[in-house]
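*Asks:* If you scroll down you'll find the structure; I have some questions about it.
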Amino acid sequence: MISLTDDNTMLGYGLLNACPNISHFVTTRHGGCSKGRYGTFNCSPYTADEAECVCRNQQLLLERLHQPVAELIIPRQCHGTTCRMVDEQYGNMSADERKVFLEGVDALITACRGYCICVTTADCVPVLLYDGRSQVVAAVHAGWRGTVRRIVSKVLEQMKCVYGTKGEDLVACIGPSISLRSFEVGEEVYGQFADEGFDMASISCRNAQTGKHHIDLWEANRRQLMDFGVPASRIEVAGVCTYRHHSDFFSARRLGVDSGRILSGIMLNES
């Protein structure tokens, strides 16, 4: 990953940074005003963090982005596969209508400029997508439940249906999240991936000492991208384990569910 700010509070991807028409970011734990397990740069409104701190952190994010942003659009995720299209009608919605629109949503797609679509994570996998031909972006929250239900594949198919997106048009980035080494699972979770037809030899291993299975969520999502036809050279995997690097990134397994969240966002620039 690359640093987007002088103080390393916001990171990004080399592949997306080379695209002049978009802005994107991945937040770290540093550079904000939140305290305790939300310390310090928690930008998620769906936590028990103080609303004033979240608001201030979001303002700091916008200042560091150096691009006009109409809105940070952050869905309330539920580990499902629902994907919403953010279009011109969204701008005409009331605050209450927007709240309903974003409830129980784990992925967003937009072709509207200035709308920064985001997902929040703390061990789950954030995936950012950019179709350079059709000028469309997407942000996906792929926890293990979303991954096993192939949320990335479903988002790609929706982009194909609406915008004609092809694999060769895409740049895709898989962000900081829990690694194969750290993601120990029980037989039930392992069985769900196997039952859904995943190549378990390529996305899992068994710890010889503990006898427990480990799942590679990075590879499971990367393969969904490649199955759609995204060239391997246009997929960037951050390779950063949130569980191991919990001092720099929020990790629910380390800090508990009542903690901060990484915010990953992408948008088409206004000009």
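The values are calculated or read from the model by the stated rules, or taken from the named source; none is laboratory data. Every value quoted in this text rests on a predicted model; they were computed, and no experiment measured them. In this analysis, Cβ positions are derived from the backbone assuming ideal geometry, glycine residues included, and neighbour counts consider all displayed protein chains.
*Asks:* Is it the case that V54 is modelled with pLDDT of 95 or more, touching a strand residue (DSSP E or B) at 6+ places or on another chain (Cβ under 8 Å) and either closer than 24 Å to V240 by Cβ or surrounded by 15 or more Cβ atoms within 10 Å (Cβ to Cβ) (or both)? Spell out how you get there, then give the answer.
*Replies:* Numbers: modelled with pLDDT of 95 or more: yes; touching a strand residue (DSSP E or B) at 6+ places or on another chain (Cβ under 8 Å): no; either closer than 24 Å to V240 by Cβ or surrounded by 15 or more Cβ atoms within 10 Å (Cβ to Cβ) (or both): yes.
In short, no.
*Asks:* Restricting attention to the stretch 132-152, which residues are assigned to a helix (DSSP H, G or I) and buried (at least 17 other Cβ atoms within 10 Å of the Cβ)?
*Replies:* W144, G146, T147, V148, I151, V152
*Asks:* Right, something else. Scanning for something assigned by TED's automatic domain parsing to the domain that holds C43, part of a strand (DSSP E or B), surrounded by 18 or more Cβ atoms within 10 Å (Cβ to Cβ) and charged (D, E, K, R), does the stretch 168-187 turn up at least one residue?
*Replies:* There is no residue in the stretch 168-187 that is assigned by TED's automatic domain parsing to the domain that holds C43, part of a strand (DSSP E or B), surrounded by 18 or more Cβ atoms within 10 Å (Cβ to Cβ) and charged (D, E, K, R).
*Asks:* Within the bounds of the stretch 59-67, is there any residue that is modelled with pLDDT of 95 or more, surrounded by fewer than 19 Cβ atoms within 10 Å (Cβ to Cβ) and assigned to a strand (DSSP E or B)?
*Replies:* Among the residues of the stretch 59-67, not one is modelled with pLDDT of 95 or more, surrounded by fewer than 19 Cβ atoms within 10 Å (Cβ to Cβ) and assigned to a strand (DSSP E or B), which makes the answer no.
*Asks:* On to the next question. Being on the phi > 0 side of the Ramachandran plot and more than 13 Å from the chain's Cα centre (by Cα) is true for just one of G39, G104, G91, G80. Which residue is that? If you could, list the steps in order and put the result at the bottom.
*Replies:* Values: G39 fails: on the phi > 0 side of the Ramachandran plot; G91 fails: on the phi > 0 side of the Ramachandran plot; G80 fails: on the phi > 0 side of the Ramachandran plot.
Unique residue meeting the criteria: G104.
*Asks:* Just give me the residues in the stretch 80-120 being touching a residue at least 40 places away in the same chain (Cβ under 8 Å) and part of a loop (DSSP other than H, G, I, E, B), in sequence order. Talk me through it step by step, then tell me what you get.
*Replies:* Initial filter on the stretch 80-120 (touching a residue at least 40 places away in the same chain (Cβ under 8 Å)): 80-81, 83, 85, 106-107, 109-120.
Within the stretch 80-120, G80, T81, D106, A111, C112, G114 qualify.
*Asks:* Here are some residues: G256, G197. Which one is loosely packed, with under 15 Cβ neighbours inside 10 Å, farther than 30 Å from T28 by Cβ and not β-branched (V, I, T)?
*Replies:* After ruling out the rest, the residue left standing is G197.
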